[in-house]
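> Here it is: the structure, laid out below.
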Amino acid sequence: MSELTLTVMRLGFLAVLWLFVIVAVQVIRSDLFGTRVTQRGSRRGGGAGGAPQQTGRQSAPPQQRQRRGAPTKLVVSEGTLTGTTVALSGQTITLGRAHDSTIVLDDDYASSRHARIYPDTDGQWIVEDLGSTNGTYLDRTRLTTPTPIPPGAPIRIGKTVIELRK
Amino acid sequence: MSVVTNTTTIGAIELPSRRNTELLLLAFAVVIPIFAYANVGLSIHGKLPPGMLTYGLGLGVLAGLAHLVVRRYAKYADPLLLPIATLLNGLGLVIIYRLDQSERLQNLAKRQFGGFTESAPRQMMYTALALALFAVVLLVLKDHRVLQRFTYISMAASLVLLILPVVPGLGADVFGAKIWISVGGFSIQPGEFAKIVIAIFFAGYLMVKRDALALASRRFMGLYLPRGRDLGPILMIWAMSLLVLVFENDLGTSLLFFGMFVIMLYVATERTSWIVIGLLMSIGGAVVVGTTASHVKVRVTAWLDPFACYSKSGACEQVGQSIMSFGSGGVLGTGWGQGNSDLIGFAANSDFIFSTVGEELGLSGVMAFLLLYGLIIERGVRTALAARDPFGKLFAIGLSGAFSLQIFVVAGGVMGLIPLTGMTMPFLASGGSSVLANWVLIAILIRISDTARRPAPAPAPSPDSEMTQVVRPS
């Protein structure tokens, strides 16, 4: 065997060995860098390229600039789910006993689809009762129409109380 | 009912099983040793080695069968464990084959034992046996939690395994260390299996006792000191590992058991004080034994200055040769089959196998090997993080901790970082017990990671979910 062949094989083997190590590390990349989160829903500050995709979604309100002092999370302060928080990200939050609700209430006094909380066009959060049996209370008053949520006001559904917080 | 649009639902995303990734990596892991095998033949004899097809096919078929077993019985297992173990095992076979070709070692064997037998075919047989055992473990062990039932039985079993080599008539004294037993012509190293069995005991025991060990403590100078009576178990394990050291002259096994217990104790209780106590105890034990036991003293002398006693003692010569082979390897190594690591002598393909890597593949090869071992350990720790049950968590940590300690002890020993201890490099070194035990270890880690990554079954629909539905007469 010529010296050159052996040198090429020696370096080639090391290269292949390291290639394996690198491929193996690539396989577990998500452990090292975390999973990549792709943002679904409406994209803010859309460029010209994004326009054709936006037309399909009538329901998503164009996200306004976050108002100063607007609540950023929803906190369950009483009931079996006490301590649960849901980040408010401009999307509708549904409450009820149905399994596909954002917050699944385990409460005999709640209906399957009990209420929803959504932002209106200028970012004010609104709570709306969806025709529940036992009603949704904002402070002490039973809701009849969609009502803006004042900061810190408790929303009561059965034994569960939720609040919007900054 | 009003139409609710654009809801955010929180749902579980099904994890990909990643079996195809594993298959690709496995194919890669089979090709690399075949390349190395061809390389050895070309550089030593100038032609492709005989049996290259058999060897390649054999390794490929074994790996393929293992993959099928994993695909069928542990679908969500970690994709890296099997390929890396296969690669290390395959390269170990190549190194053993390469050392078989050394005329120096052949002559040495003829002089000392009156004959030379090749180790590579036997090692290939052990590998096949080990992969069969790997499949059996995955088939039989459907859920690692059943092992929890055997907590105290496994303690007894591991004690028996550790004591066996000292039993007269059964134990075999090989070059000063009594860690083998000979049964029907085969020599078995029970310590390798004891490592797995005792991990079951530690995990089961610490799972129950973790609160007592973690919470009942006094704070003293920033450390949480445990109560006197909670020190009992650690003192017992410490005494046991010292007894192993004194009676079996086996530094490695005793270090492995004690270190494994301290690691698991730390993981179970989250108290740094256990690490401090463990380190102090092992330093104390090591100093006492190192100055009194003659077998250990020889190793310590060889470690402190191998070249001062080079011509006088065999242990010094071995360590010296090993350090020289790492040195002559340099950064890129001499290439397969072109080093002189066979000068180490009879232990070149077992305890000192890593020196051959150091000489023929150089620093870059050594680093790649250590990274591969590191990846196995990382997957073990990741499995422990992902496992949902405390027993599985501790068990996975214990196994990967033992694996990492073993690599540290062996690699550190042959490089002259710590005194040499006579343990085997997992998957590389020639020897049946080691290969069998380490494949069982990988099988258990694969089982735990399968349980950990398996998606939870869908919740049963609750029968009263529609109880308060409004019924409107229409």
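The values are calculated or read from the model by the stated rules, or taken from the named source; none is laboratory data. All of these numbers come straight from a predicted model, not from anything done at the bench. Cβ sites come from the backbone with ideal geometry, for glycine too, and all protein chains shown count toward neighbours. Please note that ligands, DNA and RNA were not included when accessible areas were found on the heavy atoms of the full protein model with its side chains. Shrake-Rupley method; radii C 1.70, N 1.55, O 1.52, S 1.80 Å.
> With +1 on each Lys and Arg Cβ and -1 on each Asp and Glu Cβ, how big is the dipole of segment B:2-473 about its Cα centre, in debye rounded to the nearest 20?
880
> For the protein assembly as shown, what is the accessible area per residue in Å² when the probe is 1.4 Å? Write out the running numbers ahead of the final one.
Values: 30730 Å² over 640 residues.
Accessible area per residue: 48 Å².
> What is the Rg over Rh value, at two decimals, for the protein assembly as shown, using alpha-carbon atoms and the Kirkwood definition of Rh? Show your work: numbers first, answer last.
Values: Rg = 31.4 Å, Rh = 28.7 Å.
When Rh is taken as the Kirkwood radius, the ratio is 1.09.
> Per 0.36 nm of contour for each residue apart, how much would the distance between B:Ala308 and B:Ala132 grow if the chain were fully extended, relative to their Cα-Cα spacing? Each step should come with its number before you reach the end.
Values: separation 176, 0.36 × 176 = 63.36 nm, distance 4.70 nm.
So the chain would gain 58.7 nm between B:Ala308 and B:Ala132.
> With a 1.4 Å probe and every protein chain kept in, tell me what percent of the accessible surface of segment B:2-473 is carbon plus sulfur.
Values: 13900 of 20390 Å².
Ligands and nucleic acids excluded, carbon and sulfur reach 68 percent.
> Starting from 0.36 nm per residue, how many nanometres of slack lie between B:Leu417 and B:Leu215 once their C-alpha separation is accounted for? Walk me through the numbers before you get to the answer.
On the way: separation 202, 0.36 × 202 = 72.72 nm, distance 3.70 nm.
Taking B:Leu417 through B:Leu215 to full extension adds about 69.0 nm, to one decimal.
> Any idea which of B:Leu68, B:Gly335, B:Ala203 is furthest toward the positive side of the dipole for the protein assembly as shown, if Lys and Arg beta-carbons carry +1 and Asp and Glu beta-carbons -1?
B:Ala203
> Hey, another quick one. Can you run the Rg to Rh ratio on segment B:222-283? Use alpha carbon positions and the Kirkwood inverse-distance Rh. Present the calculation step by step, with values, prior to reporting the outcome.
On the way: Rg = 11.8 Å, Rh = 12.0 Å.
Result: Rg/Rh = 0.99.
> Output needed for segment B:37-95: three equivalent-ellipsoid semi-axes, defined as square roots of 5 times the C-alpha gyration tensor eigenvalues, in descending order, whole Å. Intermediate values should be presented prior to the final figure.
Working: eigenvalues 169, 28, 7 Å².
Semi-axes from the Cα gyration tensor: 29, 12, 6 Å.
> Under a crude label model (7 Å from the Cα following the beta-carbon direction), how far is B:Thr291 from A:Thr147 in nanometres?
Computed distance between label sites B:Thr291 and A:Thr147 equals 8.2 nm.
> Report which residues of segment B:359-391 become buried by 20 Å² or more of accessible surface when going from the isolated chain to the complete set of protein chains (1.4 Å probe; DNA, RNA and ligands ignored).
B:Leu361, B:Ser364, B:Ala368, B:Leu371, B:Leu372, B:Leu375, B:Glu378, B:Arg379, B:Arg382
> Could I ask something else about it? Which far-off residues, 5 or more places away or on another chain, put their amide H under 5 Å from the one on B:Trp180, with H placed in the peptide plane?
B:Ala172, B:Val174
> Let me ask something additional. Could you tell me which of rounded, prolate or oblate describes chain B, using a ≥ b ≥ c as the square roots of the eigenvalues of the alpha-carbon gyration tensor, with rounded for a/c under 1.5 and, failing that, prolate when a/b is larger than b/c and oblate otherwise?
Oblate, because a/c is 1.5 or more while a/b does not exceed b/c.
> Could you run the numbers on buried accessible area between A and B, total for both chains, 1.4 angstrom probe, in Å² to the nearest 100? Walk me through the numbers before you get to the answer.
Values: alone 12140 and 22640 Å², together 30730 Å².
Protein heavy atoms only, the A-B interface buries about 4100 Å².
> What is the set of long-range amide H partners of A:Asp107 at a cut-off below 5 Å, with H atoms built 1.01 Å from backbone N?
none
> Along the positive direction of the dipole of segment B:2-473 (beta-carbon charges: Lys, Arg +1; Asp, Glu -1; about the Cα centre), which of B:Met260, B:Gly232, B:Gln123 reaches farthest?
B:Gly232
> Still on this structure, I have one more. Could you derive backbone 3J(HN,Hα) for segment A:110-122 from the dihedral phi with the Karplus parameters 6.51, -1.76 and 1.60 (θ = phi - 60°), listing whole Hz in sequence and x where the residue is Gly or Pro?
Taking θ as phi minus 60°, the curve returns 9, 8, 4, 10, 8, 7, 9, 10, 9, x, 8, 4, 9 Hz for segment A:110-122.
> Tell me, what HN-Hα J-couplings in whole Hz come from the Karplus equation 6.51 cos²θ - 1.76 cosθ + 1.60 at θ = phi - 60° for each residue of segment B:156-167, using x for Gly and Pro?
Here the 3J(HN,Hα) series is 4, 4, 5, 4, 4, 4, 6, 7, 2, x, 8, 4 Hz.
> Evaluate the relative contact order of chain B (contact order divided by residue number), counting alpha-carbon pairs under 8 angstrom at least 6 apart; express in whole percent. List each step's numbers first, then the result.
On the way: 685 pairs, mean separation 99.2, N = 474.
Relative CO of chain B lands at 21 percent.
> Further, regarding this structure: Could you go through segment B:426-436 in sequence order and give the Karplus-derived ³J(HN,Hα) for each residue, using 6.51 cos²θ - 1.76 cosθ + 1.60 with θ = phi - 60°, rounded to whole Hz, and x for Gly and Pro?
Per-residue couplings from phi come out as x, 6, 8, 5, 6, x, x, 4, 4, 5, 4 Hz.
> Another one. Enter the angle in degrees (range 0 to 90, nearest 10) between the Cα long axis of helix B:19-45 and the first principal axis of the Cα atoms of chain B, meaning the one along which they spread out most.
Its long axis makes an angle of about 10 degrees.
> For segment B:270-394, give the magnitude of the charge dipole about the Cα centre (Cβ charges: +1 Lys/Arg, -1 Asp/Glu; no others), in debye to the nearest 20.
Working: 8 positive and 9 negative charges, 100 e Å.
Approximately 480 debye in magnitude.
> Right, another one. Can you compute log10 of I(q)/I(0) for segment B:80-120 with the Debye formula, treating each Cα as one identical point scatterer, at q = 0.19 Å⁻¹?
-0.59
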